[in-house]
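Take a look at the structure set out below.
What follows is calculated from the coordinates using simple rules that are stated; it is not laboratory data. Bear in mind that the values here come from a model prediction, so they are computed numbers and not experimental data. So basically every Cβ, Gly included, is an ideal-geometry build from the backbone, and we count neighbours across all protein chains shown.
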Amino acid sequence: MTNESSAQPNSDNNLRKSFRAVGHLVDSGIMKEILDTIIREDGKFSIDRFDIGKTNDDQSVLEATYTAENATTRDAIARHLIDLGVEIDVEHSVKVEISPADGVAPKDFYTTTNHKTTITYNGHTIQVDNVRMDGAIVVYGKDTATKAKCVKQRDLKSGDKIVVGVEGIRVEAEFVERDRSEFGFMTGDVSSERVVRIVVDSVAEVMSDRTKKIVVVAGPVLIHTGGSGSFGRLVEQGYVHGLLSGNALAVHDIENQLFGTSLGIDTKTGEAIDGGNSHHLRAINEVRRAGSIKNMVEAGLLNRGVMSSIVKANVPYALAGSIRDDGPLPETITDMNEAQTAYGKILEGADVCLMLASMLHSIAVGNMIPARVLTVCVDINPPVVTKLKDRGSHQAIGVVTDVGLFLHLLANRLCT
């Protein structure tokens with residue numbers, strides 16, 4: 001089978017690539033995307049074998065070749081197909097080149113996706129560790145001890161062996177299963193309370209597995225919507241294993257505990273308080289006076305709220321600063337590279353990531369976690385979920401609702 005526009009295959013074997021894809025190719029739409037990609041990039045395909053799965057559990061197998069008019073088009077198609085989980089010449093060894101300087105990769109270095117990745121190198125199949133979006137693959141060690149890891153470009157060292165080109169790389173994309181796995185009933189944004197309750201039940205079922213590591217990304221809206229009490233219950237009962245946020249969440253949480261306001265608005269009545277616009281600054285001042293949030297908690301000056309619960313439960317957290325921060329708090333990390341490193345350390349080994357009303361930090365974290373991490377993004381604003389998916393976090397499940405309501409339902413479902 002060939003696409004109608006194809007002519008005789010190009011006689012130059014250097015412009016022809018064989019490829020293979022295995023999975024639920026029809027259900028997931030990957031089959032169509034593979035062929036559309038080749039045509040869109042001005043290539044021509046020829047299908048040698050296509051075996052479609054005949055039961056719920058059977059996978060389909062596609063074996064084919066494509067040709068291109070030049071090497072640039074050939075390699076562009078290969079990169080797109082690899083991102084779809086297609087195997088391109090995986091029997092060949094990857095090519096490596098030496099990094100010329102710290103933080104500098106060779107010109108044609110391979111940039112990673114967030115999917116499980118393996119490479120073929122000197123006859124060995126090696127899984128790439130620490131996989132994430134937009135990194136480079138560094139190969140190190142010798143013979144059977146050879147390993148590979150994903151490294152941010154800025155962390156490359158002069159002399160590192162960097163994978164270049166596209167040969168010998170296999171990306172295992174998350175193909176959609178016929179029987180639809182957890183949360184498969186959600187095909188779009190969620191808005192009604194009835195469906196939110198169903199989603200909460202599904203999230204709670206996953207979180208109730210005490211073997212899973214759960215990391216929460218949260219914005220200050222969690223405080224504004226009255227979700228701090230519910231979130232504190234989840235922390236206290238061991239359902240949160242890491243918190244990632246910015247300066248504002250901690251500031252307004254502490255403001256709320258000290259003055260009963262958030263952004264100067266009474267969190268019980270919803271009314272503006274005279275002089276309330278300065279409450280967050282006074283909250284920052286009290287933390288700075290104590291030296292840290294932890295010192296404040298240990299001194300009995302902060303007994304309730306998100307940060308108090310986090311400190312008392314010894315849950316690791318990282319607050320990444322921004323140019324608009326007041327203060328900031330002593331714990332806020334103002335160096336962005338250091339903040340990314342701190343986030344990455346807490347995210348290591350995460351199984352579930354709850355993203356609660358924080359577009360900036362949610363998209364950042366989405367770029368840092370592998371696609372295997374179950375990701376639930378809760379926001380009242382549908383474009384937040386859309387932007388997260390558009391930036392590569394296709395595994396993200398969108399729940400369009402008030403984050404305070406979501407946390408209230410979730411805590412009631414999980415906490416005794």
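Which value does Rg/Rh take for the stretch 18-78 over its C-alpha atoms, Rh per Kirkwood?
Answer for the stretch 18-78: 1.02.
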Q: Calculate the translational D of the stretch 193-414 in whole µm² s⁻¹ from Stokes-Einstein, where the hydrodynamic radius comes from the Kirkwood formula applied to all Cα pairs, the temperature is 4 °C and the viscosity 1.567 mPa s.
A: 74
Q: Could you list which residues have their amide H under 5 Å from that of VAL240, counting only those 5 or more apart in sequence or on another chain, with H placed in the peptide plane?
A: none
**Q.** Segment LYS387-LYS142, length gained on full extension (0.36 nm per residue, minus Cα span)
**A.** 84.0 nm
Q. Rg/Rh for the stretch 250-359: what does it come to with C-alpha atoms and Rh from Kirkwood?
A. 0.98
Q: Express as a percent, rounded to the nearest 5, the fraction of DSSP beta bridges in the stretch 13-172 (both residues included) that run antiparallel.
A: 95
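Once you compute Rg and the Kirkwood Rh from C-alpha atoms, what is the Rg to Rh ratio for the chain? Spell out each step's value before the answer.
Values: Rg = 24.6 Å, Rh = 23.7 Å.
Result: Rg/Rh = 1.04.
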Q. Amide H to amide H under 5 Å from SER358: which residues, 5+ apart in sequence or cross-chain, H placed 1.01 Å off N in plane?
A. GLY219
**Q.** Rounded to 5, percent antiparallel among DSSP beta bridges of the chain
**A.** 65
Q. Based on Cβ point charges of +1 for Lys and Arg and -1 for Asp and Glu, what charge dipole magnitude is obtained for the chain about its Cα centre, in debye rounded to the nearest 20?
A. 760
Q: For helix 336-347, report the angle its Cα long axis makes with the longest principal axis of the Cα atoms of the chain; keep it between 0 and 90° and round to the nearest 10°.
A: 90
Q. Which ³J(HN,Hα) values, rounded to whole Hz and listed in residue order, are derived for the stretch 289-299 from phi using the Karplus coefficients 6.51, -1.76 and 1.60 in 6.51 cos²θ - 1.76 cosθ + 1.60 with θ = phi - 60°, glycine and proline given as x?
A. 5, 6, x, 5, 5, 4, 4, 5, 5, 5, 7
**Q.** For the stretch 53-61, Karplus couplings with θ = phi - 60° (6.51, -1.76, 1.60), whole Hz, Gly/Pro x
**A.** x, 9, 10, 4, 8, 5, 9, 8, 10
Q) How far, in degrees from 0 to 90, does helix 193-207 lean away from the longest principal axis of the Cα atoms of the chain, to the nearest 10? A) 80
Q) Where the centroid of each part is defined by its Cα atoms, how far is the stretch 269-339 from the stretch 14-63 in Å? A) 52
Q. What percentage of all Cα-Cα pairs in the stretch 13-172 are separated by more than 28 Å?
A. 24
Q) So what is the relative contact order for the stretch 224-279, in percent, with contacts set as C-alpha pairs under 8 Å and at least six apart? A) 25
